[in-house]
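Student: Pasting a structure here, questions to come.
Every number here is computed from the coordinates shown, using simple stated rules; none is lab data. Predicted model, so just to flag it, every value in this text is computed and none were measured. When we count neighbours, we look across all protein chains shown, and the Cβ atoms used for this are built from the backbone with ideal geometry, even at glycine.
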Amino acid sequence: MYIRDAVEADLSAIVSIYNASIPGRLATADLNPVSVESRLEWFYQHSSTLRPIWVMETDKLILGWLSFQSFYGRPAYQATAEISIYVSPTHQRQRVAYKLLTQAVAHSPSLGLKTLLGFIFAHNQPSIKLFERFGFQTWGYLPQVAKLDIIERDLLIMGLKIT
């Protein structure tokens, strides 16, 4: 297994992994699958030197991915990024997310980042526990801001200062 920068040819696998997370109502606020075409602009807003998308791969199979997203789009927040991690259902609980997050924290200074954020549903205990292992703390709590089917869900904002 190794982690590398994503290329456009990976977008189909990235979207497939993302779409696989939608029915569980645990990791994303999207309610319906997205298309590769709808994610092209998102993909090209990333840069390997500032806001990368990484994939974890083994034997030409993408197991999961991580992306850095600019926070709030204002210059004063340039050293802050939101990270998102998605893992293929067949490779969950195999340390894929752990390895991706390890690299994200380690490489944040080289990306000019001093603060990482994760926006995580309060009922997503596996992700909360993962982020807590890396020292992320709850910096914000937004009650009932997402409606997933008929259930209103809370959102945690978890943050980590990079030293």
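Student: With equal scatterers on the alpha carbons only and no solvent term, can you work out the Debye log10 of I(q)/I(0) for the stretch 85-151 at 0.12, 0.25 1/Å?
Tutor: -0.39, -1.21
Student: Using 0.36 nm per residue, how much length does the chain from ASP30 to GLN125 gain when fully extended, once their Cα-Cα distance is taken away?
Tutor: Length gained between ASP30 and GLN125: 32.3 nm.
Student: Students often get this wrong, so check it: of LYS99/LYS161; LYS129/LYS161; LYS60/LYS129, which have C-alpha atoms separated by over 23 Å?
Tutor: Pairs exceeding the cut-off: LYS60/LYS129.
Student: For the chain, what relative contact order do you get, as a whole percent, if you take Cα pairs closer than 8 Å and at least 6 residues apart? Don't jump to the answer; show the numbers that get you there.
Tutor: Numbers: 272 pairs, mean separation 31.3, N = 163.
Averaging sequence separation for qualifying contacts and normalising by length gives 19 percent for the chain.
Student: Rounded, prolate or oblate for the stretch 17-81? Axes are the square roots of the Cα gyration tensor eigenvalues, ordered a ≥ b ≥ c, and the cut-off for rounded is a/c under 1.5.
Tutor: Details: a/c = 1.94, a/b = 1.34, b/c = 1.45.
It is oblate, given that a/c is not under 1.5 and a/b is not larger than b/c.
Student: Same structure, new question: Which residue, ARG74, ARG95, ARG153, tops the fluctuation ranking in a GNM of the chain built on C-alpha contacts under 10 Å?
Tutor: Among ARG74, ARG95, ARG153, the largest mean-square fluctuation in the Gaussian network model of the chain belongs to ARG74.
Student: Efficiency by 1/(1 + (r/R0)^6): what FRET value for HIS107 and MET1, r their Cβ-Cβ distance, R0 = 30 Å, to the nearest 0.05?
Tutor: Values: r = 17 Å, r/R0 = 0.56.
About 0.95, to the nearest 0.05.
Student: Hey, what do the phi angles of the stretch 22-36 turn into as Karplus ³J(HN,Hα) couplings, whole Hz, using 6.51/-1.76/1.60 and θ = phi - 60°, x for Gly and Pro?
Tutor: My calculation for the stretch 22-36 gives 5, x, x, 6, 10, 10, 9, 8, 5, 9, 10, x, 9, 9, 4 Hz in order.
Student: Could you work out the relative contact order of the stretch 1-88? I mean the mean sequence separation of Cα pairs under 8 Å and 6+ apart, divided by the number of residues, in percent.
Tutor: Values: 125 pairs, mean separation 26.5, N = 88.
Value for the stretch 1-88: 30 percent.
Student: I've got another one for you. Under the classification rounded if a/c is under 1.5, otherwise prolate if a/b is larger than b/c and oblate if not, where does the chain fall, given a ≥ b ≥ c as square roots of the Cα gyration tensor eigenvalues?
Tutor: Rounded is the answer for the chain, as its axis ratio a/c remains below 1.5.
Student: Using Cα pairs under 8 angstrom and six or more residues apart, how large is the relative contact order of the stretch 77-163, in percent?
Tutor: About 31 percent, as a whole number.
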